[in-house]
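Please read the structure below before turning to the comments.
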Amino acid sequence: MTTPTTTDVALKWVLTLRSGNSCSERTEDGPFPVMGAAGPIGRTSRANTRSGSTLIGRVGTVGAINLAREDCWASDNVIVASPGPTLESRYTYYLLMSARLPELASKTAQPLLTASAVAGLRFPIPPLEEQRRIADFLDAETARIDRLIRKFSHQRELLVERDRAAFPLGVAGARLGEGTVDTGLPWLPSMHPQAQLVPLIRVLQLQRGADLTDDQRKPGEVPVVTTAGPNGWHDVALASGPGVVIGRYGSVGNVHWIEQSYWPHNTTLYVKNFNSNDPRYCFHVLRSLPYEMEQARAAVPGVNRNDLHRNYVALLPRDLQFRVADQLDSEMAQVASTFERIKRAEALLAERRQALITAAATGQFDVSAASGRNVTDGVSA
């Protein structure tokens, strides 16, 4: 394998590129991982790719990059890039990470990345010793960034768990600071002294939404609400706003507040009657229900409105409903704001990670002069 004497080198001169193969012999305890575009997808008894090769998503997760750290079976949805004698394997991985490979995929219904598109890319290739320095630097720096990203991700998980644990008590008025009484319910241990334990049907009445195909939709200003939320428009409303809609299948337990009149899709349940209760309070009551328990009891995936109607909930007097709804609205806004700040911090770290890889792998700065620099300065939630 020869390298032209030029500053920029086409990857076809320094890499061997080929497609992976379909694996028909998978075993749970096979010694080799089967590698897809996004990572391991099983085990097998044979390997078709040596460790140190870079695996590139060809279809599916197009442009995803994985470094084979052990011998493996590269599946048919990846391109295998094996470094030649002038390339260090880890440096090859980072160089390909810098290449923005998804942009090279075909602009078709199912994007496809070809080996020839990768082969034509050109980069300045430093000596092997410099490649190792760059790889060592990026190993250390990306590991540090990844640890920070995991910490932020853990913060988001804790935020959601804390909100989920406190929310049912909030809906029951147990956090208004006016005392509590025990309920005997495992998911709702206490409630306000003025609350009553009643079946959900006493608080509100749920109704299944109605089917509406794409062909049946007509241009209009009425939102069509699916299990995932508003999804398109129609010219006729089935329910008056404000309303509350929950996912019946798919995203079970997703609860949506709709200000205007709307069309609830048949994948949802919607509140047909609030029984003279505050609609916003009813929205929070539905958010607090233990949908996981309902799913575990169900014979088929999804929730049944008759089963939900039998769930016991804490019903507050109307004056307390307004107070609880205001309290929970404020807490929802605070949680959402914190959640978004953490997500922005994660996204900024991911951007800096990519920028660092690109700059180091393509020689835009000298890694030997980067000691002591903190690439995560200014990133906080």
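The values are calculated or read from the model by the stated rules, or taken from the named source; none is laboratory data. Worth saying up front: this structure is predicted, and the values here are computed from it rather than measured. Neighbour counts run over all protein chains shown; Cβ positions are idealised from the backbone, glycine included. Note: areas computed on protein heavy atoms with side chains; ligands, DNA, RNA excluded. Shrake-Rupley method; radii C 1.70, N 1.55, O 1.52, S 1.80 Å.
Table for the structure above
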{"quantity": "The chain - Rg (one decimal) and Dmax (whole number), Cα, Å", "calculated": "27.9, 85"}
{"quantity": "For the stretch 148-213: rounded, prolate or oblate by the Cα gyration tensor [a/c cutoff 1.5]", "calculated": "oblate"}
{"quantity": "Portion, in percent, of the accessible area of the stretch 161-258 that falls on carbon or sulfur, probe 1.4 Å", "calculated": "47 percent"}
{"quantity": "Per residue, in Å², the accessible surface of the chain once ligands and nucleic acids are set aside, probe 1.4 Å", "calculated": "51 Å²"}
{"quantity": "Length gained when the stretch V59-A166 is fully extended (0.36 nm per residue, less Cα-Cα span)", "calculated": "34.2 nm"}
{"quantity": "0 to 90° range, to nearest 10: angle between helix 128-171 axis and the chain longest Cα axis", "calculated": "0 degrees"}
{"quantity": "Cα gyration tensor shape of the stretch 164-277, rounded if a/c is under 1.5, else prolate or oblate by comparing a/b with b/c", "calculated": "prolate"}
{"quantity": "Simple label model, 7 Å out from Cα along Cβ direction - D214 to V181, nm", "calculated": "5.4 nm"}
{"quantity": "Tensor-based shape of the stretch 188-228 (alpha-carbon gyration tensor, a/c under 1.5 rounded, otherwise prolate or oblate)", "calculated": "prolate"}
{"quantity": "R100 versus N266: modelled label distance in nm, points set 7 Å from Cα along the beta carbon direction", "calculated": "4.6 nm"}
{"quantity": "Spacing of the two label points (7 Å from each Cα toward its C-beta) at D8 and L128, in nm", "calculated": "2.7 nm"}
{"quantity": "Mean Cβ neighbour count within 10 Å, used as a protection proxy, ranking 178-186, 76-84, 212-220 highest first", "calculated": "76-84, 178-186, 212-220"}
{"quantity": "Within the accessible area of the stretch 1-147 (1.4 Å probe), percent carbon and sulfur", "calculated": "51 percent"}
{"quantity": "Peptides ranked, highest mean first, by Cβ atoms within 10 Å: ranges 165-177, 145-157, 192-204", "calculated": "165-177, 192-204, 145-157"}
{"quantity": "Total formal charge among the other residues, if their Cβ is under 13 angstrom from that of F322, Lys/Arg +1 and Asp/Glu -1", "calculated": "-1"}
{"quantity": "Peptide ranges 10-16, 122-128 listed from the most packed, as the mean C-beta count within 10 angstrom indicates", "calculated": "10-16, 122-128"}
{"quantity": "Two-site FRET efficiency, M332 against N275, from Cβ-Cβ distance with R₀ of 22 Å, rounded to 0.05", "calculated": "0.40"}
